[in-house]
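**Student:** What follows is a structure written as structure tokens; I'll ask about it next.
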Amino acid sequence: MKRIFLVLLGLFFMSAVVYATGFDMVKNVGDVTVRVSVGKDSPVVGKNNISVELLNPEKGAITDAEVELAYFMPAMPAMKYETSAIQEGSSYTAVLGLAMAGQWNVDVRFKRPGGKFEKTTFSINAK
Ligand SMILES: [Cu+2]
């Protein structure tokens, strides 16, 4: 019974990968797993701490990358902002200033030494 519950829980989180409000979101780019978490609960209008983890196939943290974030409202292309993330421990952190409630897309761009920038996009909903 417990196992079934865990499987269901896993499916729930998998379905939340593309469009999530608050908990961790995970996407794969090539052999890198990108895990993003925003704040403690749901993203809010105003300042949000965002943390980006890059994991190698062995699930080890990649700490020598350059990470840049661009965030924008898909419905309002003029509302676009960029910031770079600061490497801190096993992750990269930044503050997103979300000026309005609604859907924001966050482009995570990262580059490993000697590599080129790769990109993945997360959707969040600011309340
Ligand atoms: Cu807007």
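Throughout, read-outs are computed from the coordinates displayed, never taken from laboratory work. In this text, all values refer to a predicted model and were calculated from it rather than measured experimentally. Methodologically, a virtual Cβ is constructed for each residue, glycine included, from the backbone with ideal geometry; neighbour enumeration extends over all protein chains shown.
**Student:** In nm, what is the difference between 0.36 nm times the number of residues separating SER84 and ASP41 and their Cα-Cα distance? The partial results should precede the final answer.
**Tutor:** Numbers: separation 43, 0.36 × 43 = 15.48 nm, distance 2.25 nm.
Gain on stretching SER84 to ASP41: 13.2 nm.
**Student:** Then there's this: Pull up the cross-link candidates among the lysines for LYS47, meaning alpha carbon to alpha carbon under 18 Å and not fewer than 8 places away within one chain.
**Tutor:** Output for LYS47: LYS80, LYS127.
**Student:** Dipole magnitude of region 22-126 about its Cα centre, charges +1 at Lys/Arg Cβ and -1 at Asp/Glu Cβ only, in debye to the nearest 20? Show your work: numbers first, answer last.
**Tutor:** On the way: 11 positive and 12 negative charges, 40 e Å.
Charge dipole, region 22-126, about its Cα centre: 180 debye, nearest 20.
**Student:** For a paramagnetic label modelled at 7 Å from the Cα of LYS27 toward its Cβ, which residues of region 90-127 fall within the zone defined by backbone nitrogen distances under 12 Å?
**Tutor:** 105-110, 118-124
**Student:** Just add up the charged neighbours of ASP64: K/R +1, D/E -1, any other residue whose Cβ is under 11 Å from the Cβ of ASP64. Please report the intermediate quantities before stating the final value.
**Tutor:** Numbers: positive: LYS111, ARG112; negative: GLU66.
Summing Lys/Arg as +1 and Asp/Glu as -1 gives +1.
**Student:** Suppose we look only past 19 Å in the calculated P(r) of region 22-126. What percent of the Cα-Cα pairs does that tail hold?
**Tutor:** Numbers: 2057 of 5460 pairs.
Here the long-distance tail beyond 19 Å is 38 percent of all Cα pairs in region 22-126.
**Student:** What distance in nm separates the two pseudo spin-label positions at SER123 and ALA61, each 7 Å out from Cα along the beta-carbon direction?
**Tutor:** Taking the two extended label points, one gets 3.0 nm.
**Student:** What's the local net charge at LYS80, with K and R +1, D and E -1, over the other residues with C-beta under 14 Å away? Mind showing how you got there, number by number?
**Tutor:** Values: positive: ARG109; negative: GLU68, GLU82, ASP107.
Here the charged neighbours net out to -2.
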